[in-house]
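In what follows, a structure is listed as structure tokens, so that the remarks can point back to it.
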Amino acid sequence: MSTILTHIAIADGKIKRSSLEVLSHCKNLADQNGHSVEAVVVAENASNYVDGIKKYGASKIYVVENPIFKNHINTPILKALVKVMEMAKPEVFAFASTESTKDILGALAANQGAAVLSDVASFELIDGGIKGTRPVMAAKVLANAEAKGEKVLVSVRSGSYDLAESPTDAEVVSVDFNMDENELKATLREIISSTGDAVDLNEAEAIVAAGRGVKDEEGRKLISELADVLKAGIGASRALTESGVYDPSLQIGQTGKVVSPQLYIAVGISGAIQHVAGMANSKVIVAINKDADAPIFEVADYGIVGDLYKILPPFIEELKKIKN
Amino acid sequence: MDEKFDCIVIGGGVAGLAAAMTLAKNNMKFLLIERGEFAGSKNVSGGVLWGSDLSKLVPNYWEEEDGGWERFINHRRLTFMDEQSTFSLDFKSSHFNKPPYSGVVILRSKFDNWLSGKVQEAIDASDFAMDSFIATNIKVDDVLMENGKAVGIKTGEDEFHADSVIIAEGVNNLLTRRVGLQDEYVPADHMLTGIKEIIRFDQKVLEDRFQLNGLSGMSNEFVGWATDGVEGGGFLYTNRDTISLGLVLGIKDMREKNKSPHDVLNHFKTHPVIADCIKGGEIVEYSAHVVSSGDKRAMPKELYKDGVLLVGEAANLLMNAGKAIQGMDYAMRSGILAAETIIKAKEKNDFTSETLKEYRAALDDSYVMKDINSFQDAVHLLHTDTMQQKVPNLICDFGREFFTIKSEATPKSRQILKGAIKRHSSVWELAKLGFKAGKSL
Amino acid sequence: MKFYVCIKMVPDVNAPIQIKEGKLIQDADRMILNAYDASAVEEALVLSEKHGGEVEVVCIGPQKASETIRKALAMGADKATHLLTTGQEKYDSGTYARILANFFNNKEYDVLSLGKQSQDTDAGLTGSMIAELLHLPYATNAVGLEIEGEKLIVKRQGDFGQEMIELPTPCVVTCSNDMNEPRIPNLKGIMASKRKPLEQVELSSLGMNENQLIADTAVLSYSAKPERQAGQKFDGEADEIARQVAQLLDTEANVL
Ligand SMILES: Cc1cc2nc3c(=O)[nH]c(=O)nc-3n(C[C@H](O)[C@H](O)[C@H](O)COP(=O)(O)OP(=O)(O)OC[C@H]3O[C@@H](n4cnc5c(N)ncnc54)[C@H](O)[C@@H]3O)c2cc1C
Ligand SMILES: Cc1cc2nc3c(=O)[nH]c(=O)nc-3n(C[C@H](O)[C@H](O)[C@H](O)COP(=O)(O)OP(=O)(O)OC[C@H]3O[C@@H](n4cnc5c(N)ncnc54)[C@H](O)[C@@H]3O)c2cc1C
Ligand SMILES: Nc1ncnc2c1ncn2[C@@H]1O[C@H](COP(=O)(O)O)[C@@H](O)[C@H]1O
């Protein structure tokens, strides 16, 4: 009987849903294959999250707690994960695909001589490793890939699996961790925090995304109003993040975030493949664009052809009515 | 760094690449500049490259694994269309099966890219491997003139000098106008719009549907209902696993009848016969591009000037007399002839019109100008209303009667024809037409 | 500073592709310089123009990749090394990382710069792998670079906004295309590129043992994505269609 280890990511004081999605899937795989599923959480006050993790069926939880993890710095995190891998000896180590994961996944694989598949949309166990599907060519097609080795790392796109609670009383292993300054190769100077209490786009139920069509203050006001009515997160196309109109962390697409909300409203976005790559898995897509031939309409369930400045006001008003 | 070139070629289309290839093979130091990201990237057109000049530029190109071309033509069809029916002249012959082929279907983005690779090989093999260039993603803004003679080109801030410039910029001949060889204003009635869809099938389906064998292919031109009353014609060419289906439409006529190319193409596709051809296909590309009518009146005043030569469609070298569109083969031949003239000029070290006029002479002497001259009437005839509407209707009407078997006494074909003629035209009109046609073809 | 920029030749994702019997087929073989690498090259050029230094590009790939390398040289890189493959190899990020680490082993440099991911595979692994293999400090997903004395200051896009990270050199950094607008080579650059040193090196000459070159991941086949059908399109009087769609979101799609 072998072990599937799952990494639990923490985002401002909460367990990231995407890592619970991964844990749910791994639990499922473990049950099917008679393996055990374990979890590791590396954070400033990691032990706070143990109960939250127990709900999802990990039989053992490695807790690495240290002030140094207040912010993401790759060196200590790597050291911690290496240590836990040596304790848990997992056959498979699964992550939710966050920026922090992307930052360390390759290094961890190299350190452990592990095979690695990043950013899969799904994965299964096969003997000697895993097989998974990866969107490639700007998510135009799926690659059916496999990774084989004594150890295999995999990171999973958010929204790929549903949450499935299966409470257990897991054994909690607190891993002692210390690291002196001179071990720190890189030093973090500061965090230029993004727009304050912004919704985590990976977890947002609804997203309103603005594109180059949103030209001015008035346009941005409309976007915010629409987002408020829907309690939606605000995203943006590259055209607006690179021009600094919206914070870069809001970029959705191949370079930016991959999201899969229930409702995605693309406003003034043409629908270049690199943008679509990040939102095509949304449940319902609404597109507002004045160009009837804009490619965004090819993926939209509801395509509104028109000037966003004329469309949004009545749209917002109508939504308000419906909402209350 | 401002080394002087023997020649700068503007435009990496068929004409420019043909010129470049000829220059490279003859050890000339040249620069070819293409606006597109790569040769062909800007190029929507494509269809049949007629004639056998390609084998002059790339001997035994057909032996290549993937020679940039799609299929060779051994099956040709000219179809007259009315609302319900088609009546075709159809010719298929194994006589066309052996290389050098007399026509290959190509897709320009692929073909141009491939051909420029071949030119690069020729450069690498030449004495100027380090000094001749194909530069893509660069737009030439102007041709440098010094007292009436072209001495180089300008792009952005940079200027580059050469003894000669070959303008191969294609139909939107802005630079041709800048150097004063074309009037600023070219009447729209000499211009057509070409639109084309690339429709993909499973290769097996395609080959069965059009009776293709190996790499054999078919070209089909259409006259009549296809263009929904707009002057012009339609075409269908078979590629490896796609077909190119499209129309060439008079811009002026379209404006007057206020129709859009897109609508007319959709109209064309609703014809039962076309519908059968494209059933189950997936549209993978749509493109539109201006194309000249082949009307001599649209030709530049002259094709040369001190230090400058015009080739291909920049010089309006194109013919569409119904049975085929010939633009690429004209472009290729003119490119070759222009380069050969430059080579002569280099030998004499005289790049003035004194030498360059030999290009015009060579062109007049070639099938290009000979055909353009002798088939002008055919070009005009094709664009008459009689030819566009009445004849196709008449022919299809005749066909319908002739091929229908109604368990009744069948009239003699003469009667059928008489009837058809009465319904669509008049004997007199046809006599005139027949006479004209006889003369023009 | 001495920059090495790792550049990869990738298929143009905008070119039409299709899948036949599980194989990925491209209509025209259009290969380009990975966009993220173009940004890495651009940034290295800007920094060395500002602080002095040298930019060398390294590319593992088949003969055809020399076009991609020329592009980087045309942008302004000083020289290039081309690690030749046949194009038949089934390499993954891991193999490329091992090859590159091997190559850099006995080299002098301050910064190894990579793209944050390959445009075609979106793997995003090679950079941090190389760093680990060479025991170098690193930062990924950089959106801005600066040099302060012997240090490289990296602005990276993290989960919680942007982080300012200070790396001692030598170090590894992977670049996002949000970092800059890569210059399009001008004619002079294109001409100059032909004369710049481009050294071709056989992989075998790196003296790696066979199993270092065996990839532990493989793509078995490709399949089409579950096609998303275009839905209804509403074209007409703004006020009307806006309210209509709002209603449908409630009653039909019930996502409100
Ligand atoms: C390697 C790489 C990675 C990339 N990654 C990403 C990524 O992660 N995310 C991303 O978004 N892009 C990405 N891009 C860029 C992408 O290719 C497009 O350039 C970008 O998405 C365009 O953004 P846009 O649609 O907002 O702007 P545009 O393409 O300019 O579209 C603007 C649209 O707004 C419409 N419009 C204008 N005015 C109005 C109005 N008044 N009312 C209604 N509609 C209007 C126009 O019709 C047009 O369709 C990437 C590119 C590359 C090469
Ligand atoms: C729909 C359609 C179907 C056709 N079918 C056929 C057919 O079946 N058979 C046939 O023989 N002909 C056909 N033609 C006509 C044929 O495409 C043209 O006659 C032919 O392409 C002319 O070749 P060219 O090299 O002169 O010009 P082009 O092929 O147009 O090449 C010109 C090149 O110059 C470049 N360029 C332009 N300006 C600049 C600049 N300032 N700086 C740098 N580069 C520049 C352009 O990017 C382009 O690549 C068709 C045309 C169309 C539109
Ligand atoms: N064949 C290669 N040659 C040079 N650099 C490469 C190669 N493959 C990957 N890289 C570098 O690694 C980055 C992408 O890593 P990955 O997404 O893991 O493929 C690229 O942006 C390059 O900088």
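The values are calculated or read from the model by the stated rules, or taken from the named source; none is laboratory data. Worth saying up front: this structure is predicted, and the values here are computed from it rather than measured. Here Cβ is always computed from backbone atoms with ideal geometry, including for glycine, and neighbour counts include all displayed protein chains. The area values use the complete protein model at the heavy-atom level, side chains included, leaving out ligands, DNA and RNA. Shrake-Rupley method; radii C 1.70, N 1.55, O 1.52, S 1.80 Å.
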- Is it true that residue B:67 is crowded, with 19+ Cβ neighbours inside 10 Å, more than 11 Å from ligand 2 (Cβ to nearest atom), within 14 Å of chain C (Cβ to nearest Cβ) and assigned to a loop (DSSP other than H, G, I, E, B)? yes
- Task: Can you confirm whether segment B:169-184 contains a residue that is more than 26 Å from residue B:326 (Cβ to Cβ) and small (Gly, Ala, Ser)?
- Result: yes
- Message: Condition check: facing another protein chain (nearest Cβ under 9 Å) and either β-branched (Val, Ile, Thr) or in contact with a strand residue (DSSP E or B) (Cβ under 9 Å, 6 or more places away or on another chain) (or both). Does residue A:258 satisfy that?
- Response: no
- Message: Suppose the filter is open to solvent by less than 10 Å² (accessible area, probe 1.4 Å) and modelled with pLDDT of 95 or more; does residue A:154 pass it?
- Response: yes
- Of the residues A:21, A:38, A:44, which single one is surrounded by fewer than 19 Cβ atoms within 10 Å (Cβ to Cβ) and not hydrophobic (A, V, I, L, M, F, W, C)? A:44
- Restricting attention to segment C:124-137, and to residues there that are open to solvent by less than 20 Å² (accessible area, probe 1.4 Å) and within 7 Å of another protein chain (Cβ to nearest Cβ), which single residue is farthest from ligand 3 (Cβ to nearest atom)? C:137
- Note on the structure: Among the residues of segment B:70-107, the number that are within 14 Å of another protein chain (Cβ to nearest Cβ) and hydrophobic (A, V, I, L, M, F, W, C) is 2
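Residue-wise test of (1) modelled with pLDDT under 95; (2) open to solvent by 60 Å² or more (accessible area, probe 1.4 Å); (3) at the interface with another protein chain (Cβ under 8 Å from one of its Cβ atoms).
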position: C:172; (1), (2), (3): no, no, no
position: C:200; (1), (2), (3): no, yes, no
position: C:229; (1), (2), (3): yes, yes, no
position: C:249; (1), (2), (3): no, no, yes
- helices (runs of 4 or more DSSP H) contained entirely in segment A:228-324, each with at least 1 residues that are within 16 Å of ligand 3 (Cβ to nearest atom), within 23 Å of the chain's Cα centre (by Cα) and under 24 Å from residue C:143 (Cβ atoms): A:273-279
- Query: When residues of segment C:7-46 are filtered for being in a strand (DSSP E or B), within 13 Å of ligand 3 (Cβ to nearest atom) and more than 10 Å from chain A (Cβ to nearest Cβ), how many remain?
  - Reply: 4
- Task: Only residues that are within 14 Å of another protein chain (Cβ to nearest Cβ) and away from ligand 1 (no atom under 16 Å from the Cβ): list them for segment C:105-123, please.
- Result: C:111, C:112
- Unique match (being touching an Asp or Glu at 6+ places or on another chain (Cβ under 7 Å) and away from chain C (no Cβ under 14 Å)) among B:181, B:174: B:181
- Message: So for segment A:5-13 (the condition being surrounded by fewer than 17 Cβ atoms within 10 Å (Cβ to Cβ) and either at pLDDT 95 or above or under 22 Å from residue A:259 (Cβ atoms) (or both)), does at least one residue qualify?
- Response: yes
- residue A:60 vs (1) in contact with a helix residue (DSSP H, G or I) (Cβ under 8 Å, 6 or more places away or on another chain); (2) more than 14 Å from chain C (Cβ to nearest Cβ); (3) open to solvent by less than 10 Å² (accessible area, probe 1.4 Å); (4) not β-branched (Val, Ile, Thr): all pass except (3)
- On the given criteria, is residue C:88 within 30 Å of residue A:133 (Cβ to Cβ), within 12 Å of another protein chain (Cβ to nearest Cβ) and surrounded by fewer than 20 Cβ atoms within 10 Å (Cβ to Cβ)? no
- Taking residue A:262 as the residue in question, decide whether it is open to solvent by 20 Å² or more (accessible area, probe 1.4 Å), closer than 21 Å to residue C:225 by Cα, touching a Ser or Thr at 6+ places or on another chain (Cβ under 8 Å) and without any contact (Cβ under 8 Å) to a residue 60 or more places away in the chain. yes
